1. Of Gly402, Gly377, Phe434, which is farthest along the charge dipole of the range 369-447 in the positive direction, counting Lys and Arg as +1 and Asp and Glu as -1 at C-beta?
2. Quick one: Debye curve from the C-alpha atoms of the range 178-218, no solvent, what's log10 I(q)/I(0) at q = 0.14, 0.21, 0.25, 0.34 Å⁻¹?
3. Please state, as a whole number in µm²/s, the translational diffusion coefficient that the Stokes-Einstein equation yields for the range 138-236 at 20 °C and 1.002 mPa s, with Rh defined as the Kirkwood radius across alpha carbon pairs.
4. I want to check the label-to-label distance for Glu94 and Leu137. Put each point 7 Å from Cα in the C-beta direction and report it in nm to one decimal.
5. Would you please put 68-75, 499-506 in order of how densely packed they are, using the mean number of other Cβ atoms within 10 angstrom per residue and starting with the highest?
6. Can you tell me the FRET efficiency between Thr288 and Ser62 if r is taken as the Cβ-Cβ distance and R0 is 30 Å, rounded to the nearest 0.05?
7. Rg and Dmax in Å for the range 55-185, alpha carbons only: what are they?
8. Suppose R0 equals 45 Å; then what is the FRET efficiency for Val521 and Val221 from their Cβ-Cβ distance, rounded to the nearest 0.05?
Amino acid sequence: AEYMGESGPALSAMSEDKSADESRSLMDSVHSSTGDFIEYEDDFVVHSTSIPSRLDKLPFSSWHLRMVMALGVTWILDGMEVSLLSIASGVLQEAGTLHLSEVQIGFSGSAYLTGAVVGAIVFGYLADRFGRRKLFLLTLIIYVISVTLTTLSWNFPSFLIFRFMTGLGVGGEYTAIFAAIDEMIPAPVRGFVDLMIDGSWWIGSCAAAVLSLYFLNPEFVSVDSGWRFLFAIGALAALPAIFSRNFIPESPRWLLTHGYIHEAEETVRHIEEAVIKEMSSEQKRVYTEAKESHSVSRVLIARAQMNQSAIFHRDMLSHRRVARTYAGTLGYIDVVKILLRTYPTRFLLASTLMMAQAFFYNGIFYTYGLILKRFYGLGEDKVGLMIIPFAIGNFLGPVVFGRFFDTVGRRKMIVSTYAGSAVLLAATSLLFQFDCLSVATQTLAWSLVFFVASSGASSAHLTVSEIFPVEIRAQSMAVFFTIGLGIGGIVAPSFFSFLVSLEARIYVCIGYYIGAFFMLVAAFVAFHYAVDAERKTLEDVAAPLSFATDDHMKLRIQLSQAPHTSV
């Protein structure tokens, strides 16, 4: 369709000079091959499809597992990167290495997070514009190159730049990957799968801790070489993921809302064939019966007369035009307007959850090694050992609580995990303030705190990835990733590093109490505004902008011979 700016393959034969009747004839032939149907409402061409419903009613299978493993590996690598900086912070301060100060360590963490924000913004736009799949290889290659360069750092400025570049790749992965996974994972297990992917971050963290016991031990590896080998391992671990992503298709939901109707149908058909092969006879019977009750979504895909057009959103922004030629060209100004004016309470919810967990996590974890060294006199080669139980506790949190987000419900679980982690952190801080803990008990206390907090933090990413329309999903995630890390993440490492440098427990505890307070505020907001998205299709949680519905987001296509203009 011409209004999409680039002709979808299934509709490429529709040129400007075709008559309305010829266009209708071709559209009918395209849709008859998919088993769906179209209808004409005045100046509208509406495609009715069961694709979203079919995706959500498939049982979770080995196909889904392979997809999750191929895409979710980024979170393991991210866990390694963040943990390595925390574990090696003491080594990097030694004269034989980069000789960084504690403040410079904090700024290095902030540089990584700043890069992640920029990457999320840039690649989030590209993921909505060109599709999820096209970004997978690019962002992973950026990550591998950047980590490799980190191993070659020769001073603080070079280390800072390469950490920024590494964050750039990870941030880009975040938006494309979560969008793709949420759009292809069955609704009944979406919460559990998202939390497990987030929890896999701690597998990387644990791996970094174990490896550091050897590579940061001067008896085995020289001081200046050990930390470089650790970062190099992260780059090598990412290489297999480049090849494992080749089998992953483009998101059918993205294809559908961008006019690639035939490709969306073919993709779903291939997924169904792969999953059905694994089904038992009873599962096949149940799925066959479920197919007969698939719900139908109505999507605006073209207009009857093929001339240039502009899309109008009559229920949003006081009837102002908010789209250009198709949904993928919405800019961030347009996206923010939609979020603020159409989803104000969801905007507040997502912002609060992301900021609170980012400050809570990044402030404490980035200074984990500094705390153990400064206040407990722990040697550099032992810091990694103390992170292992901490990482295990974080990983087990989503394992234990993850399924409850799909059964008990999003709202109840978000409130309980955020409030519970706030109370536990405040209690641990009080014990730390009065020097009541040893290295072992401090580590166990933190492990308990983050056993609960890890599910809360993961639920923030889950919430952001599922409560906004598919056309702006990746960009919405980038917006809240920026808000969360910009305020809670980039500031927190430097702020906590400064508190540690004051060498007084009371100042560190002030930072902890602030983090606990933010988590309580987020729990309060979630109690009032959390979205009950458990076991619901994404289209029921947030209707796509291109879906034609009676009571939500009615798009209109204005017939005009004049060239369309940008917002």
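1. Checking the options against the dipole of the range 369-447, the answer is Gly402.
2. -0.47, -0.67, -0.79, -1.05
3. It diffuses with D of about 140 µm²/s by this estimate.
4. Result for the modelled spin labels: 4.2 nm.
5. Highest mean packing first, the order is 68-75, 499-506.
6. Computed FRET efficiency for Thr288 and Ser62 comes out at 0.90.
7. My reading of the Cα-based Rg and Dmax gives 16.8, 59 Å.
8. 0.50
Where a number appears in this text, it was derived from the coordinates with a stated rule and is not lab data. Predicted model only: the values in this text are computed from it and were never measured. All Cβ positions, even for glycine, are placed from backbone atoms using ideal geometry, and neighbour counts span all protein chains on display.
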